[in-house]
Amino acid sequence: QFDGGVKIYRLSLSSLWGWYRDADTNNGLTAGTPAEKWTYWGAEAKVDLTERLWVASRYSAARSSIIRGVLKDGKVGRAQIGFGYKIAEGMLIKAEYVDQRYQDFKGTNQSYIGSQDPRFRGVITEFGVKFGATAFRNKDE
């Protein structure tokens, strides 16, 4: 995997690109060797509005070339936009709108995908607590 990022004042930008390959996804537990190959990438922008409040946007995607030993050009894409608020040292809350799509998986018999080319659109919230003296500190501190 390759990734990088830059921070300019209150704006943080980051991106990644990588690949995944497994010659036998079932680890020899059943007959055959169902191989999988994927590439994936993503980009994120985050703006710190205040010391405690931020907004962020992210897009990530993955593309398969082999699924369960079958050549297949399946795609997954996920767009997110949201905000977060640091309630106290080591405690935060986040909310984001997510649009995630699966495409071109027909005929792959993927039990973990479920219906053919599903899509999720909705709001996700998260409350996080981290314990320790350095919880959620900025790298600059």
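Annotation note: of D99, D117, the sole residue that is acidic (D, E), surrounded by fewer than 15 Cβ atoms within 10 Å (Cβ to Cβ), over 22 Å from S14 (Cβ atoms) and modelled with pLDDT of 65 or more is D117. For the stretch 4-39, which positions are part of a loop (DSSP other than H, G, I, E, B), modelled with pLDDT of 85 or more and on the phi < 0 side of the Ramachandran plot? Answer for the stretch 4-39, where residues must be part of a loop (DSSP other than H, G, I, E, B), modelled with pLDDT of 85 or more and on the phi < 0 side of the Ramachandran plot: just R10.
No other residue among A88, A56, A45 is modelled with pLDDT of 95 or more, surrounded by fewer than 16 Cβ atoms within 10 Å (Cβ to Cβ) and closer than 21 Å to E126 by Cα apart from A45.
The values are calculated or read from the model by the stated rules, or taken from the named source; none is laboratory data. Note that the structure is predicted; figures quoted are calculated from it, not measured. Because the Cβ atoms are built from the backbone with ideal geometry, glycine has one as well, and the counts that use them run over all protein chains shown.
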